[in-house]
């Protein structure tokens, strides 16, 4: 068995088992703040470059590398150069955790940009918390989470799903909803929130809501599409809310157009279909179907055109497209850089304190601010698919919407809020009983400290 | 006479007594073998070395092994344990199981359920009993099959029993109707594929695609402490040693000889009068239990269990580890598992694009040029050194 | 919507029925009134969609002969405004520079950058309005196709103001299809008003709009009409059930045909040669990528490209198959389980080759015009054409293979080598050559399957993986070495799956099918149609 020899600067605690978790954070902080030198600042990139998720995540790796290059051309950060540390978790969830540990413990990166799927984030979360790292997560997700070490630059359900449904009801006059999704946590949670929202806020009856889940990569949509068609033939204006993931979309849309379901009859509004996904689809028959995001490549702003030009130059591909998670990384990266400048150090705890309230321009001509719950403010845009694979923006929220970590429409999370500012510093504060998480976690940590 | 033989149970007294091994207790027999001695020696030395380098050598020293690496080795060892389980059925029974990932994952889920219950009310919602994913998918109470997993003894028993039971039912049906060869391989693949789809379903209440994660402690030890990591690493090493001894004991017993006979000529063994399916079933169940144990040790070390462990591709990869290390040697499986996974760690870090090329090429080259694996190479060298020492007799088909 | 329709129709009536026809003939002679036209278009360039809707009505009310072209361009998103205020119609909006033409004069203006152009945006509501507007204009069109489409759009859209003019149109109409549709539209209006005449006229109609109208009549005040409507609904429901049954069967056969296509090549390499080719899926992927490549080579002719990719896909996959056979499989004779491992390695390599060589992203394969849409059997049943083509293609491929195996020298030799290799060789058959050709044939068929799949699903590096397990299940279920078995197994598994899906859900249906196969193999370890004789041993 080969044994690797590693030079490691981290701590060693053979103290009480419980105290270790609590003290770990401060010990790490001390070790890192002593490490101020002219060495480059290390930026970890944790995106799958092989396996099934490579299709989505590779461009995000390239985006962060491009942003680092731009930052270095502009003189770096705090007078130091930035250095990308790229690892490949290969679309394998346990490997995500292992790689995150490698980045933090072995490479000692100052920040990580990474992850796409919720499961990969859940796998990485304990590692990032244990080793007190910083993770910027760029993808729209189901919410119901707020970690002190993670910054969620993608949309929470209230920044995508709920405005999209309000658009359908108020602007299009839809009265019947088919919630079609891939069977995993994001669609399940989003659909639960939407169901509750439709019933509570708009008085939609149960019989006017259809819910259906399919496995990953589902390719035979004949039955489901014909069911949708029948569902829409009952005389009420009907729309499909699609949380179908990745590869399953192409056969879904193909079947829709072949069965003659047109966007003007039954519009489909998707939360996971962006410019990147459309590159693999013949969009001719899909014109008019919708997507809700916080950014579209077709946004008419100078920052956006600059970003697109830079991206096309960087990739050397005239046809290269940009999409929402790329913008999220753009915002996240700039926020982190701004916070580092503000704090004057890359030390994790200082950056965590400094970043709340940081405001940077987004690509749609406005600004994004980091909220105390580690989510950001975003405009919500509704776009219609065009035959050139782009979205035409047909509606947007008048102002930006702040991300809500805990949904108001789920019974378990209604009373929870997250606020990482001192003195609360809690990701799941229960406003009813006034304690953090309503659990005994806080007391336990105190007891461990006293020991 | 025929009926007499037919009623023979797998562990009954040997009647195939041409070269009856010594009358020692069957579990103690492997200690007399040279290969086992070397294997156990190397394993023990490695465990000790890592422990010393981790705890005694100071952190600044280049010889220090950090917690990350210990954890990594722990993961390799649990894979090695899984490979031993596969080698037991493939090497000695000739059953190419493309579904051993299923037993591994079930063992893992049993452990994962125990670890989930240990979180108690420290989940994000602070629910005293339900895991987080059940709270936000609005489950009212624990499903019946989650009951009991808060007790360590029950959960640990299920780690062995659940995969064992599945193997028993599946094997009983398959061996009874004499499904063999390619057909058996394909339906084991169907088994793990069906289970993967099932576990992906959120209605199953195993956390769907997200699986089980965010574990806190095991038997009262904090899972986020380095001492616990070392402990798990050592436990996996010990489990590997014990399983290795058990497997050696099985294959060198008379039972094992019947298995090898079945592998090489099933019909002939049957005609001699052995109830082949019983032997197959016994070994298959033992192998599934070892795989379950491997899964249970794997989960607390990597911190997550999700349905992708059921993926048919993973099961095929396990077979490659065994093929690379060398079939029907057991220690070869261990070598193969560690080599491939070590290469994976290195390659996906240094040149991610090249990893699948390397893995693919490994599959091709090993099957064509190294049919006996690394173990075959080792043995060839040893045999060349001590030319007339005819100790080993494993035949490879 | 209805109010808009009747308004639009009344405009047309005021202007005279023959407006559009006349305008089209007079277009060349009358000089375009450009100031008024510009004002009409100008009104479209506003932010509010409501104002845009009014602008559309204004365009419709104007007697401008270019109105239909403008509305169509607006509907297609090609009506755009340049930064200098000029309205243009974009002729091709791919790439960064677009060729455009003047919207008023139709003169080409060369290329413009997409940065300098602003699209006159529309949303789905306006899209509906535009379609109706175009439909109303088209109702008076001399073009029969346009009249038919436009009449079909009127179902359920008729209100009191429209009834009279439509009745008049019915009298003047020559085409029976248009007449039937228009009368149906009027009947739906009457049924919704609770009139007996409407209910009677709609009895037996399967159109969903008719059903909605009937169920409204069934809840009406007049008990006689309500009873009649209920009775009509019952018979409709019965009829619908039958149609739904046929539809499910079609879905099942269609899914089955995909399975058959995917598995049939495997049935040859696996069943006949005993080689477990895990790279089979990747050979399919190569066939699909060949289709994409052909479409890249022949831009603008997706149909021709698709037809040409049938031989091309076969050749590419067959050649790769030969390479695999020569480089790997020939060294693993008689070790089926090891061919599984080696070919699995090859599949990983092929996937990664595509990923690094072409792109990890899916490629767009265009469905040609003649393969999109569906064949309308009646108002409740239409069959998608792309799947029908694939179903037919699968049957043709199967028939071709049967012919090769039964009627050709190669087929004879293959059967001889399979049954007794040594004997065949001593009879002078070159077994090695037969091996190569068989493997090439199996691989080529996989390529054909890929060409077909490119019309149904993603063309990407993972295409093969998604089908490989299913293909093995089909072959094993059908019985290794039996092509008929593969056909029957594929089609029946497809039908079982689709019958289960509506009540079990897609995931559970798939699990049930897998468990069924596992149990079936216990019952009949050699599949549906087991091979007989000594060849079956081993």
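The values are calculated or read from the model by the stated rules, or taken from the named source; none is laboratory data. If you're wondering where the values come from, they're calculated on a predicted model, not measured in any experiment. With ideal geometry, Cβ positions are generated from the backbone for all residues, glycine too; neighbour counts draw on all protein chains shown.
As for segment B:322-330, it holds at least one residue that is part of a helix (DSSP H, G or I), at the interface with another protein chain (Cβ under 7 Å from one of its Cβ atoms), closer than 16 Å to residue C:341 by Cα and in contact with a helix residue (DSSP H, G or I) (Cβ under 9 Å, 6 or more places away or on another chain).
With respect to residue C:353, is the statement that it is part of a helix (DSSP H, G or I) and within 14 Å of chain B (Cβ to nearest Cβ) true? Judged against the criteria, residue C:353 is a match.
Restricting attention to segment B:102-144, the residues that are within 13 Å of another protein chain (Cβ to nearest Cβ) and either in contact with a strand residue (DSSP E or B) (Cβ under 6 Å, 6 or more places away or on another chain) or within 15 Å of residue B:295 (Cβ to Cβ) (or both) add up to 8.
Per-residue answers, yes or no, for (1) in a helix (DSSP H, G or I); (2) more than 14 Å from chain A (Cβ to nearest Cβ); (3) at negative phi:
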position	(1), (2), (3)
B:150	no, yes, yes
B:165	yes, yes, yes
B:171	yes, yes, yes
B:190	yes, yes, yes
B:198	yes, no, yes
B:209	yes, no, yes
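Within segment A:147-187, restricting attention to residues that are modelled with pLDDT under 90 and in a loop (DSSP other than H, G, I, E, B), which residue is nearest to the chain's Cα centre (by Cα)? Looking at residues that are modelled with pLDDT under 90 and in a loop (DSSP other than H, G, I, E, B), I get A:184. In segment A:88-127, which residues are under 23 Å from residue A:41 (Cβ atoms), within 9 Å of chain B (Cβ to nearest Cβ) and not in a helix (DSSP H, G or I)? Listed by number, the residues that qualify are A:88, A:89. Taking segment C:318-334 as the range and being more than 8 Å from every other protein chain (Cβ to nearest Cβ), touching a helix residue (DSSP H, G or I) at 6+ places or on another chain (Cβ under 9 Å), surrounded by fewer than 22 Cβ atoms within 10 Å (Cβ to Cβ) and under 26 Å from residue B:184 (Cβ atoms) as the test, the residues that pass are C:330, C:333. Residue under question is residue A:317, and the condition is that it be under 23 Å from the mean Cα position of the chain (by Cα) and either farther than 24 Å from residue A:75 by Cβ or touching a residue at least 40 places away in the same chain (Cβ under 8 Å) (or both); does it hold? Criteria not met by residue A:317.
Looking at residue A:288, is it in contact with a strand residue (DSSP E or B) (Cβ under 7 Å, 6 or more places away or on another chain), modelled with pLDDT under 85 and within 14 Å of residue A:385 (Cα to Cα)? When the stated conditions are applied, residue A:288 does not pass them.
Quick one: residue A:235 ticks every box in (1) in contact (Cβ under 8 Å) with a residue 24 or more places away in the chain; (2) within 14 Å of chain C (Cβ to nearest Cβ); (3) surrounded by fewer than 22 Cβ atoms within 10 Å (Cβ to Cβ); (4) assigned to a loop (DSSP other than H, G, I, E, B) except a single one, so which number is it? Of (1) in contact (Cβ under 8 Å) with a residue 24 or more places away in the chain; (2) within 14 Å of chain C (Cβ to nearest Cβ); (3) surrounded by fewer than 22 Cβ atoms within 10 Å (Cβ to Cβ); (4) assigned to a loop (DSSP other than H, G, I, E, B), only one is false for residue A:235: (1). Does residue B:284 satisfy being more than 12 Å from chain A (Cβ to nearest Cβ), more than 30 Å from residue B:141 (Cβ to Cβ) and modelled with pLDDT of 90 or more? In short, yes.
In the set (1) more than 8 Å from chain B (Cβ to nearest Cβ); (2) in a loop (DSSP other than H, G, I, E, B), residue C:490 fails one condition alone, (2).
Let's see how each residue does on (1) in a helix (DSSP H, G or I); (2) closer than 19 Å to residue A:154 by Cβ:
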{"site": "A:292", "(1), (2)": "no, yes"}
{"site": "A:319", "(1), (2)": "no, no"}
{"site": "A:326", "(1), (2)": "yes, yes"}
{"site": "A:329", "(1), (2)": "yes, yes"}
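As for segment C:297-313, it holds at least one residue that is free of Cβ contacts under 8 Å to residues at least 12 places away in the same chain, part of a helix (DSSP H, G or I) and under 18 Å from residue C:284 (Cβ atoms).
Yes/no matrix, rows are residues, columns are (1) under 18 Å from residue C:347 (Cα atoms); (2) in contact with a helix residue (DSSP H, G or I) (Cβ under 6 Å, 6 or more places away or on another chain):
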position	(1), (2)
C:422	no, no
C:436	no, yes
C:449	yes, yes
C:460	yes, no
C:467	yes, yes
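Among the residues of segment C:117-147, those identified as in a loop (DSSP other than H, G, I, E, B) and touching a strand residue (DSSP E or B) at 6+ places or on another chain (Cβ under 6 Å) are C:120, C:121, C:123. The criterion of at least 2 residues that are modelled with pLDDT of 90 or more and under 30 Å from residue C:244 (Cα atoms) is met, among helices (runs of 4 or more DSSP H) falling completely within segment C:375-448, by C:385-407. Scanning segment C:455-479 for residues that are part of a helix (DSSP H, G or I) and under 30 Å from residue A:49 (Cβ atoms) returns C:463, C:464, C:465, C:466, C:467, C:468, C:469, C:470, C:471, C:472.
One line per residue, one yes/no per condition, for (1) outside the structural domain of residue A:89 (by TED's automatic domain parsing); (2) under 25 Å from residue B:126 (Cβ atoms):
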{"position": "A:105", "(1), (2)": "no, no"}
{"position": "A:113", "(1), (2)": "no, no"}
{"position": "A:128", "(1), (2)": "no, yes"}
{"position": "A:165", "(1), (2)": "yes, no"}
{"position": "A:168", "(1), (2)": "yes, no"}
{"position": "A:173", "(1), (2)": "yes, no"}
{"position": "A:197", "(1), (2)": "yes, yes"}
{"position": "A:204", "(1), (2)": "yes, no"}
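Within segment B:211-243, the set of residues being part of a helix (DSSP H, G or I) and within 8 Å of chain A (Cβ to nearest Cβ) comprises B:226, B:227, B:228.
Taken together, the residues in segment C:496-508 that are surrounded by 19 or more Cβ atoms within 10 Å (Cβ to Cβ) and assigned to a helix (DSSP H, G or I) amount to 6.
State whether one or more residues within segment A:77-87 are under 17 Å from the mean Cα position of the chain (by Cα), in contact (Cβ under 8 Å) with a residue 24 or more places away in the chain and outside any loop (DSSP other than H, G, I, E, B). Scanning segment A:77-87, I find no residue that is under 17 Å from the mean Cα position of the chain (by Cα), in contact (Cβ under 8 Å) with a residue 24 or more places away in the chain and outside any loop (DSSP other than H, G, I, E, B), so the answer is no.
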